[in-house]
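The values are calculated or read from the model by the stated rules, or taken from the named source; none is laboratory data. Model, not experiment: these values are computed from the prediction. Here the Cβ positions follow ideal geometry from the backbone for every residue, glycine too, while neighbour counts run over all protein chains shown. Please note that ligands, DNA and RNA were not included when accessible areas were found on the heavy atoms of the full protein model with its side chains. Shrake-Rupley method; radii C 1.70, N 1.55, O 1.52, S 1.80 Å.
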Amino acid sequence: MSMRVLHILDHSIPLHSGYTFRTLAILREQRRLGWETFHLTGPKHTGTTALEETVDGIWHFYRTPPTGATAGRLPGLEPVAQMRQIEKRLEAVVDAVRPDVLHAHSPVLNAIPALRVGRRRGIPVVYEVRAFWEDAAVDHGSTTEGSLRYRLTRRLETHALRQASHVFTICEGLRSDIAARGVPAERITVIPNAVDIEKFEPGGEPDEALKSRLGLAGATVLGFIGSFYAYEGLDLLLEAFPAMLQKRPELRLLLVGGGPQDEALKAQAQSLGVADKVVFTGRVPHAEVPKYYDLVDVLAYPRHSMRLTELVTPLKPLEAMAQGRLLVASDVGGHRELIRHGETGWLFKAGSAPALAEAIAQLLERREQWPGLRRAGREFVERERHWAGSVARYAPVFERLAARAVA
């Protein structure tokens, strides 16, 4: 069935994030279904003030440039102003593209404007939740759980979930929470995080020149590649590292990326006396990331336990499994949904530096299990976590909503 879908997004390529990469995969697969996709970003997208932008010669985005209208406002009123901006811009884009379905992606600041415009125009609205806005705010330190702002934000999220024609989400943890808010199970569909399997090959040989340049020659390399947010638990990885070095002096820690915790992590490495054994590369061009993966013997995902990490499945461990990588991860809910301990990876008790050190030690000692772990991880992704299979789950819902709207 031909379909015109207008996506309402927080931000998009050319910015790089897990959010933009998931979006791009969804758009590609929806187009392979024969659908036309259109795309609007909110005022938080940065890098352009143009009303429209084409990226990579293929992807055309309508933008909502910041107007400066929020300057000087009380912080609590900024989201209201953002939603008004998005709603006004969305009205114009709907007139231009005449979509069959509005596909709003979290945060809820995109869903509320979409619901308002959809109600006025008679267009069904689906809402895709990748994380709850109230939990992301807590985990980034901008509010506290139980505060008035948290409760109001949660209430707004629940309202959007109940009003949407259908709710999509990325994992079972979020699906259960959405159902507990009173959304019927038949109106919730999981579109799990996945990978473009053809873009990931089992790991290649390390670039010895790069390895030498980074001071990793002859080392066993532990690594993390991604954004340095507090919830990722890189502070725990550094805390565990001195004990690991005592047993294995050849270990080095490679941290590729950057983010809010960058300076704090560098200071921690200094205070622990391991700065000369930890390599911070900063952010690297996306095309060069595979070279850095090839340097790593064991990838670490030591996420702290909190609502966001217990509910939400990350993308990075899937990419690691698609490349046949060895990985150690904390046993938060988002990881347990992806990783089978001793079969596709190694899990340890979240928040425990000794447990993390012991898990890495066990994995390094069990070299005979490595081929099986690598193979099982790759097979799991090929079987259950490829984008074509995930995105196919949209089809029956979208077709039913579009047909109902026409009738």
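Annotations for the structure displayed:
- Basic side chains Lys and Arg get +1 at the Cβ, acidic Asp and Glu get -1 at the Cβ, and with that the dipole of the chain about its Cα centre reaches some 1180 debye.
- Measuring r between the beta carbons of K349 and R400 and using R0 = 30 Å, the FRET efficiency lands at 0.10.
- Size of electric dipole in region 196-318: Cβ of Lys, Arg +1 and of Asp, Glu -1, about Cα centre, debye, nearest 20: 300
- Apportionment of accessible area to carbon and sulfur, the chain, percent (1.4 Å): 51
- Cα-based reach from K88 at 29 Å (exclusive), listing lysines while leaving out same-chain residues under 8 positions away: K44
- Rg ratio for region 259-375: its Cα radius of gyration over 2.2 N^0.38 Å, N being its residue count, equals 1.10.
- Potential lengthening of the chain between R119 and R283 amounts to 54.8 nm, from the contour at 0.36 nm per residue minus the alpha-carbon distance.
- Cβ charges +1 (Lys, Arg) and -1 (Asp, Glu), total dipole of region 216-271, debye: 260
- Rounded to the nearest 0.05, the FRET efficiency derived from the C-beta distance between R28 and S147 at R0 = 35 Å is 0.35.
- Heavy atoms of the protein chains alone define the surface here; on that basis region 149-279 has 45 Å² accessible area per residue at 1.4 Å probe size.
- At a probe radius of 1.4 angstrom, the accessible area of region 333-407 per residue rounds to 49 square angstrom.
- Calculated SAXS-style log₁₀ I(q)/I(0) at q = 0.09, 0.11 Å⁻¹ - the chain, Debye, Cα scatterers: -0.58, -0.85
- Cleavage-rule hits (trypsin sites (Lys or Arg not before Pro)) in region 82-141: DSSP loop, at most 11 neighbouring Cβ within 10 angstrom: none
- Across region 183-208, the residues whose backbone nitrogen lies under 14 Å from the label position 7 Å along the beta-carbon direction of A392 are 192.
- Qualifying lysines (Cα of each under 26 Å from Cα of K199; at least 8 residues distant if same chain): K211, K291, K316
- Built amide H within the under 5 Å cut-off of L327, gap 5+: L299, W346
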